[in-house]
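To start, the structure under review is shown below, and the notes come after it.
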Amino acid sequence: MIEVTKINGVKILINEDLIEVVEETPDTVITLTTKRTIIVKESRQEIKNLVKLFKKDLL
C-alpha cells in the first residue's frame, strides 16, 4: 500500500494494485478499479514513484 495525502490534509493508504488511472486536472485525481476517485496533493509523478518504490521493496 502507498500513503497519499487527500486534498483536505488527511493521510490515507491506497492499495496500489487498485489504481486504474492517475490524472492531473490540475489536481491529482486517482481513479481506482472500483470506480472510486480520490483527489490527492501528490503529483502524478510522485504517485508513480511511490508505486515503483513499493513494488521494488516487494522484490
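Before moving on, here are some points about what is shown:
- Trypsin sites (Lys or Arg not before Pro) within the stretch 13-53, DSSP loop, no more than 14 other Cβ atoms inside 10 Å: K35, R36, K41
- Taking the C-alpha atoms only, the angle from helix 44-58 to the longest principal axis of the chain is near 20 degrees.
- Note on the chain: helix-only mean residue ellipticity at 222 nm, from DSSP H runs of 4+ residues weighted -39500 (n - 2.57) and normalised by residue number, equals -8500 deg cm²/dmol.
- The chain - charge dipole about Cα centre, Lys and Arg +1 at Cβ, Asp and Glu -1, debye rounded to 20: 80 debye
- Converting the Cα gyration tensor eigenvalues of the chain into ellipsoid dimensions via √(5λ) gives semi-axes, longest first, of 18, 12, 11 Å.
No value in this document is a laboratory result; all are computed from the given coordinates. All values derive from a computational prediction rather than experimental measurement. FYI the Cβ positions are ideal-geometry reconstructions off the backbone, even for glycines, and counts take in every protein chain you see.
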